[in-house]
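> Take a look at this one; I'll ask things after.
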Amino acid sequence: MGRPRQFDPDAAVEQAMEVFWRKGYARTTPQDLVDALGIGKGSLYNSFGSKHALFERALRRYRDSQAVALTEMLEGAGPVKPRLRRTLEFLVEMDLADPDRRGCMAVNTAAELAGTDKTATDLVQRMFDRTEGAFRALIEEGQRAGEIPPDRDPAALGSLLLNTVVGLRLTARVAEGPDRLTRVIDALIDSL
């Protein structure tokens, strides 16, 4: 009979997510993961197979927590434009309050691994597609409510909103304060 596991795999994936999010995939060493998870290298590989397999699980965990939270904020109650503004301001505040300035793990992964890691690229693309779809649905809701002109293309605006969020999340990593980010949000909301 084998020895029982000395750690919780779900908690380990959560801890690994934090390491990958802070350092990126390439800069995260197996030793970083072993130290963060409090397990031996043998346990790391026996439980997850490889650093990359653990990264995939961590990226899925990120999707299931962070990306879902964004979608839920967009689907809340109230007029569309104030809801969108609150969501974007929340992202900016969250990013600026993070002492590590990690930004968005999906955006960071796209910047680091797009074109070189098919699995990670596909995971990020699906997250972006989901977010863009939520933005498109929000625009369509705003058009039905008369808040957004009906002649505006919801798909194009959904893409614009996704691109704006990606830019905000990257800019927040180096921003000294919220001024530039707030101007972007103001201009975006005004353009709708």
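> Taking the Cα centre of the range 9-191 as origin, work out the dipole magnitude from +1 charges on Lys and Arg Cβ and -1 charges on Asp and Glu Cβ, in debye rounded to 20.
Here the range 9-191 has a charge dipole of around 360 debye.
> For helix 179-191, what angle does its Cα long axis make with the longest principal axis of the chain, in degrees from 0 to 90 and rounded to 10?
Tilt relative to the chain: about 50 degrees.
> Shifting gears a bit: Which whole-angstrom value gives the distance between the alpha carbon centres of the range 120-192 and the range 39-55?
Each part reduced to its Cα centre gives a spacing of 36 Å.
> Give the order of Ile139, Ile185 when sorted by the count of other beta carbons within 10 angstrom, beginning with the fewest.
In order of increasing Cβ crowding within 10 Å: Ile185, Ile139.
> Between Asp100 and Ala137, what is the label-point separation in nm under the 7 Å Cα-to-beta-carbon projection?
3.0 nm
> Report the FRET efficiency, 1/(1 + (r/R0)^6), for Asp190 and Ala53, where r is their Cβ-Cβ distance and R0 is 41 Å, rounded to 0.05.
Computed FRET efficiency for Asp190 and Ala53: 0.35.
> Taking the Cα atoms only, what angle lies between the long axis of helix 118-144 and the longest principal axis of the chain, rounded to 10 degrees?
30 degrees
> In terms of modelled amide H atoms, which long-range or inter-chain residues lie less than 5 Å from the amide H of Arg102?
Counting only residues 5 or more places away or on other chains, the set is empty.
> Provide the FRET efficiency to the nearest 0.05 for the Thr71-Asp153 pair, computing r from the beta carbons and using R0 = 25 Å.
Using R0 = 25 Å, I get an efficiency of 0.75.
> Quick one: net charge around Leu33, please, counting Lys, Arg +1 and Asp, Glu -1 for every other residue with C-beta under 13 Å from its C-beta.
Around Leu33, the surrounding residues sum to +2.
> Now for a separate question. With point charges of +1 on the Cβ of Lys and Arg and -1 on the Cβ of Asp and Glu, referenced to the Cα centre of the chain, which listed residue (Thr116, Gly142, Met73) lies farthest in the positive direction of the dipole?
Projecting each Cα onto the dipole axis, the largest value belongs to Thr116.
> So how tilted is helix 51-62 from the main axis of the chain? Cα-based, degrees 0 to 90, rounded to 10.
40 degrees
> If you put +1 on each Lys and Arg Cβ and -1 on each Asp and Glu Cβ, how big is the dipole of the range 95-192 around its Cα centre, in Debye rounded to 20?
Approximately 180 debye in magnitude.
> Another question, if that's okay. Neighbouring Cβ atoms within 10 Å as the yardstick, rank Val184, Val80 fewest first. Don't skip to the answer; put the middle values down first.
On the way: Val184 16, Val80 19.
Listing Val184, Val80 from fewest to most nearby Cβ atoms yields Val184, Val80.
> Give the cross-link partners of Lys51 among the lysines, using a straight C-alpha distance below 29 Å as the criterion and excluding same-chain residues fewer than 8 apart.
List returned: Lys23, Lys41, Lys118.
FYI, it's all coordinate maths here, none of it is from the lab. This structure is a prediction, so every number in the text was calculated from the model and none was measured. For neighbour counting, all protein chains shown are included, and Cβ atoms are generated from backbone atoms with ideal geometry for every residue, glycine included.
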